[in-house]
Structures are given as C-alpha cells and as structure tokens.
Amino acid sequence: MPLGWFGGLALREKNPVRMKGGWHECHPYRLCFMEHALEAKRFTLTYPGMETPVFAPLDFAVAEGEAVALRGDSGAGKSSLLLCACGLIPGSVEAAIAGEIRLFGRPPGEYTRAALTQTVGLVFQNPEAQLFCGTAALEAAFGPENLCLPPDEMRARVRGALETVGLWARRGDAPSVLSGGQKQLLALAAVLALRPRLLLLDEALSQLDDQSAARMMGVLAQLKRGGQTMLFVDHDDARRKLLADREIWL
Ligand SMILES: Nc1ncnc2c1ncn2[C@@H]1O[C@H](COP(=O)(O)OP(=O)(O)OP(=O)(O)O)[C@@H](O)[C@H]1O
Ligand SMILES: [Mg+2]
C-alpha cells in the first residue's frame, strides 16, 4: 500500500510496482510514478437513439490501492461507466464513446480477453446473473480454467477465493442451494479467482439482507486492507463511509 500520495506520485514501501515498462522494484520510501488503475479524459458515452451523451465529459483518475465510490442520481450513468471500464461498452453493449478511458494505461478494448479478465472484474447487483456452474468450486474455477493455468495454480486460486469469502466449506454445494448472500459472495469469489487488479461493484450489496450485507462488507474491507483497488456504486451512506477513500460524482 502507498504510504502517501503526491499527485501522481506515491511514497511506497519496498514493493514491486507495475509501471508502463513492466515491473519495477521500488526502494524503501522512494518516490515512484504510479500508473492509474482507471483514468478518464473528456470521456462521454451515447447510446443509440440518444441525442445527447449520458453524462457530460468526465475527467477523473483512480489510483492503484484506492477504494472509490461512484455517485450520481438514478440514470446518471454509473452502471454504464462501469461497463465501459470493464470493456463491455463498446462491444457487448452498443454505444458510441468519445474522449479517452484507460485501464492501467490502455483502453480496455486493446486488451486481449484473457488479459482483460485478469485486469478488471465486475460484480453486479443480481448474483443469479453471474452464476451458472454446478458447484461453488466449479463456479470459482470457471474463470481461471479459461486462462489454462497449471492445475496447482488453479486449485490455489479456487481455494483462496472461496476462503476469502468464507465459502470453502460449501465448495461442493450447488449455487442454487446457497442463500442470496452466499450467492453474492460466490459471485465475488468467481471474480476474485481471476485476481483482477481493479474490482468494480455495481450495487453488489443492494439485494442482500442486513446480515449478508455485513458479511460481504467484511470481505470487501479485508480486500481493501490488502490493497485491492475498487470502484463501486452503493447507495448506502454508512457502507460508503466505511469503504470509500473518496467519491467521484457523475
Ligand atoms: N443498453 C442501453 N441502451 C440505451 N440506453 C441505455 C442502456 N443502458 C442504460 N441506458 C440509459 O442510459 C442512462 C444511464 O443509465 P445507467 O443505468 O448507466 O444509470 P445509473 O446511474 O446506473 O442508474 P441507476 O442508479 O438507476 O442504476 C439512462 O438514461 C438509461 O436509461
Ligand atoms: Mg446502475
């Protein structure tokens, strides 16, 4: 984790830092240039049939290690922006974009599918939409399997992701027998198994009861302490206060 921020510069402990040219070892307390996890420059998006863009041109940056809340009224374009950040717009969802959006220095559309899934992961509101395998373990394995990882690495990732969300003991269960809260934790585990550098959450806790939301918050807070970069939408003031370092408004 950075010890402090100075614009685009971060004072870090001795840690490998991913920079444009590859991995660089930073010496203790040396100032290093930090690449932004997500950066928008005069970025707008217009859906087909719309006369004006969804939002006015956006300029913002999310640094690695930050947990940032994305705010705005209903219809402001929060979900749309997250879809742009993970490369689903344009492409899977039709829309015209203008300006620039960069994910760790490159437009999301320039990543290969495999590289993109290891760079950014999105958890939606409804876990049912993200779960389709026979068991919790297969669900967590689905992403890493598509990366053709060695079996040991696969097993480590599945176990790590399920342990992180507290579902390792339920690895043999079908997602359909899990509670709503456990399903959402499993959807998170499936994303975490890909070890995305940027985690996006679009109202991921909004359908959970208080107890399940508290469990998921515990997991997210633990991820944040571990340095996970996050950009999330959550209408709950108390949860945002707990998790967000700052807010970006649309
Ligand atoms: N696939 C689509 N095609 C056309 N218009 C869309 C599409 N998806 C969203 N919109 C429109 O774009 C605008 C922004 O929608 P979006 O869902 O991104 O907002 P939001 O800030 O996430 O809202 P909410 O808080 O209600 O989730 C809305 O006017 C919405 O109707
Ligand atoms: Mg939305």
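Assorted remarks:
- Taking the Kirkwood radius as Rh and the Cα radius of gyration as Rg, the chain has a ratio of Rg/Rh equal to 0.96.
- Checked against a 23 Å cut-off, the cross-linked pairs Lys78/Lys241; Lys78/Lys224; Lys41/Lys224 give Cα-Cα distances beyond that limit for Lys41/Lys224.
- Cα centroid separation, region 130-201 to region 45-75 (Å): 29 Å
- Evaluating 6.51 cos²θ - 1.76 cosθ + 1.60 at θ = phi - 60° for every residue in region 51-59, the Karplus couplings come out as 8, 10, x, 4, 9, 5, x, 9, 10 Hz, glycine and proline recorded as x.
- Restricting attention to the chain, close to 60% of DSSP beta bridges with both partner residues there are antiparallel.
- Coupling constants for region 182-195 follow from the phi torsions by the Karplus curve (6.51 cos²θ - 1.76 cosθ + 1.60, θ = phi - 60°), and in residue order they are 5, 4, 5, 4, 5, 4, 5, 4, 4, 6, 5, 4, 8, 6 Hz; glycine and proline get x.
- Long-range HN-HN contacts of Leu58 with modeled amide H, under 5 Å: Arg42, Phe43, Thr44
- The order of the peptides 227-240, 107-120 by mean Cβ neighbours within 10 Å, most packed first, is 227-240, 107-120.
- Distant-in-sequence amide H partners of Arg71 (H built 1.01 Å from N, under 5 Å): Ile248, Trp249, Leu250
- Here the Karplus relation 6.51 cos²θ - 1.76 cosθ + 1.60, evaluated at θ = phi - 60°, turns the backbone of region 128-144 into coupling constants of 4, 6, 10, 10, 8, 9, x, 9, 4, 5, 5, 4, 5, 7, 4, x, x Hz, with x for every Gly and Pro.
- Built amide H within the under 5 Å cut-off of Leu198, gap 5+: Val120, Gly121
- Ellipticity estimate at 222 nm from DSSP helix runs (n ≥ 4, -39,500 (n - 2.57)) divided over the chain, nearest 500: -9000 deg cm²/dmol
Computed from the coordinates by the stated procedures, all read-outs in this text should not be read as laboratory data. The model shown is predicted, which means the values in this text are computed figures rather than measured ones. Note: ideal-geometry Cβ built from the backbone for every residue, glycine included; neighbour counts use all protein chains shown.
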